[in-house]
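Structure, as structure tokens:
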Amino acid sequence: MSVEQGLHTVRERIADAAIRSGREPDQIRLVGVSKGSDPELVSAAIIAGLREVGENRVQEAVAKIPAVVSVVKEKPTWHLVGHLQTNKARAALGLFDVIQSVDSVRVAHALSRLADHPLPILLEVQFARTPDRFGFDPGAVGGALDEIGALPGVRVIGLMTVAPLGLEPESTRMVFRALREERDRLQEARGLPSLELSMGMTDDYEIAIEEGATVVRIGRAIFAA
Ligand SMILES: *Cc1c(COP(=O)(O)O)cnc(C)c1O
């Protein structure tokens with residue numbers, strides 16, 4: 001399978017899942033997650049029409065983003081989707097247009113201090129503690145939103161989650177539903193404009209769309225040829 005075919009198949013499945021759940025396909029944005037993929041492959045995906053690309057490590061992106069940008073005509077929107085250490089905030093600001101994985105008030109403060117224009121960020125919510133994922137507890141995200149929402153230099157545009165590994169599909173669905181309900185509560189209580197819901201990866205994006213995802217982050221189904 002080529003990246004072009006992968007992208008085509010993913011787009012079709014996104015549209016099917018949207019229509020199945022009474023939504024418009026263009027309400028769901030696709031971020032292709034290219035961690036571990038060569039710049040050539042990422043460029044091929046962009047040339048095939050991918051408009052938003054995610055990376056999970058600043059270190060990997062430092063070399064890859066300039067290599068991709070030098071060969072594609074239209075620059076994609078770059079998303080950071082992995083844990084950001086405070087000491088890499090400056091480097092991240094130089095590379096990424098959106099930071100989806102703000103997982104502490106501390107890192108939000110670091111970005112706020114360094115950003116020279118309002119940086120779109122999402123707050124990562126963590127439904128099960130695992131050693132390799134960070135994020136706000138569901139009960140703490142409202143407080144974090146209030147504190148981070150008041151900072152200059154960053155603009156909270158949504159919530160993001162990674163479903164815990166190894167769940168049955170129905171349990172994954174409950175995680176996504178819980179994030180949507182939390183988003184709805186926060187929006188309503190604070191009178192906020194609509195917040196994005198970034199949820200769903202290769203194994204669970206159709207469920208995420210059925211539960212209201214507005215952004216899906218897909219790696220293997222596009223890049224694992
Ligand atoms: C790797 C990664 C993805 C994409 O995962 P796939 O299962 O390859 O689709 C999405 N989000 C985050 C945060 C990731 O690290």
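General observations
- If you go through the range 181-211 and keep only what is surrounded by fewer than 17 Cβ atoms within 10 Å (Cβ to Cβ) and away from the ligand (no atom under 13 Å from the Cβ), you end up with 181, 184, 185, 187, 188, 189, 190, 191, 192, 193, 194.
- Counting the residues of the range 175-213 that are closer than 19 Å to residue 149 by Cβ and touching a residue at least 60 places away in the same chain (Cβ under 8 Å) gives 2.
- Wholly enclosed strands (runs of 3 or more DSSP E) of the range 47-147 bearing at least 3 residues open to solvent by less than 60 Å² (accessible area, probe 1.4 Å) and among the aliphatic types (A, V, I, L, M): 98-102, 119-125
- Filter result for residue 164 (surrounded by fewer than 22 Cβ atoms within 10 Å (Cβ to Cβ), under 16 Å from the mean Cα position of the chain (by Cα) and part of a loop (DSSP other than H, G, I, E, B)): yes
- Looking only at residues in the range 28-46 that are more than 16 Å from the ligand (Cβ to nearest atom) and in contact (Cβ under 8 Å) with a residue 12 or more places away in the chain, the one that is surrounded by the fewest Cβ atoms within 10 Å (Cβ to Cβ) is 39.
The values are calculated or read from the model by the stated rules, or taken from the named source; none is laboratory data. Everything numeric here is computed off the predicted structure, so don't read it as measured data. Virtual Cβ from ideal backbone geometry, glycine too; neighbours counted across all protein chains shown. Remember, those area values only see protein heavy atoms, side chains included, never the ligands or the DNA or RNA. Shrake-Rupley method; radii C 1.70, N 1.55, O 1.52, S 1.80 Å.
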